[in-house]
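A short worksheet on the structure shown next.
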Amino acid sequence: MDNEPTQLAAILRTEEVTKIYRSGSVAVHALRGVDFALYPHEIVVLLGESGSGKSTLLNILGGLDRPSSGRIHFRDRDLTSLDDDALTEFRRAHVGFVFQFYNLVPSLTARENVALVTEIADDPMRPEDALDQVGLSGRLDHFPSEMSGGEQQRVSIARAIAKRPQILLCDEPTGALDSKTGVTVLHALVEANRNHGTAIALITHNVGIRRIADRVIHMADGRITHEDRNATRLSPSEVSW
């Protein structure tokens, strides 16, 4: 799939973002002046060693953390100027999250886990429809303990897409999965991008996954070192794991 995201206005954009964590007299520079943009309808993969700043950047993009300096813009809105309540509303209305560990409520069924989000969203899908989109229409009333790791991760993706977010932020969504299950999970993410135009930023240590993206951002020592662009996106089933 050819894509020219630079012809569009960025949906998320950072300007010279830094993040410093302090522990006593020790300062850890997690991000060092990062300029990043995510465009509508695209998939971006973030690659880099542990400690390179990928997760910190993702958390700041999603409003889970604040930068030490710099600006973050959602379209023409400056997120760094928002108070905590407004930032929470931004996350609830516009962002879905998928993490390596599924964060499902063990005492709730798949349907009920998704409903946790749909009950507070403005224009959500039905939980049943979201679960059907990730291939789990036959597992609606199963509890997490009755599902495989891949199925649980697909429930977390259904929960993320059920509120129809404009942005989906994924931190190692296949990190705990075998290759066959990981491909199934990636298919669910790609379908969300294709069917709803959801912009996706995805962290992975698996360099093969970069081939499903429009762009690949390489990070090291809190900085973006370079960017690659794929002329054509591969299907997850074509990726060398």
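Computed quantities for the displayed model
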item	result
Global form of the range 119-241, assessed from the alpha-carbon gyration tensor, a/c cut-off 1.5	prolate
Likely footprinting exposure, ASP84, ASP214, fewest C-beta neighbours within 10 Å first	ASP84, ASP214
Counted charge near SER156, where neighbours are those whose Cβ lies closer than 14 Å (Asp, Glu -1; Lys, Arg +1)	+1
Computed [θ] at 222 nm, helices only, for the chain once each DSSP H run of length n ≥ 4 contributes -39500 (n - 2.57)	-8500 deg cm²/dmol
Ascending count of other beta-carbon atoms within 10 Å, so fewest first, for ILE120, ILE20	ILE120, ILE20
Net charge over other residues, Cβ less than 14 angstrom from the Cβ of GLU112 (K, R count +1; D, E count -1)	0
Extension gain (nm, one decimal) between ARG223 and SER137, 0.36 nm per residue minus Cα-Cα	26.8 nm
For LEU177, net neighbour charge (Lys/Arg +1, Asp/Glu -1) across residues whose Cβ lies under 11 Å away	-1
Cα pair distances exceeding 13 angstrom across the range 143-211, given as percent	63 percent
Spherically averaged projected area in nm², based on the convex hull that wraps the Cα atoms of the range 84-183	6.3 nm²
Fewest-first sequence of VAL114, VAL183 by Cβ atoms within 10 Å of each Cβ	VAL183, VAL114
Residues of the range 50-83 with amide N under 15 Å of the 7 Å Cα→Cβ point at ASP122	74-77
Potential lengthening between GLU49 and THR18 on full extension [0.36 nm per residue; Cα-Cα distance subtracted]	9.3 nm
For LEU12, residues with placed amide H under 5 Å, excluding near neighbours	LEU38, ARG75
Cα-based shape type of the range 9-105, given that a ≥ b ≥ c are square roots of the gyration tensor eigenvalues and the cut on a/c is 1.5	rounded
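Any read-out appearing in this document is the output of simple, stated calculations on the displayed coordinates, not a laboratory observation. Being a predicted model, the structure only gives us computed values, none of them experimental. Cβ coordinates were reconstructed from backbone atoms using ideal geometry, including for glycine residues, and neighbour counts include every protein chain displayed.
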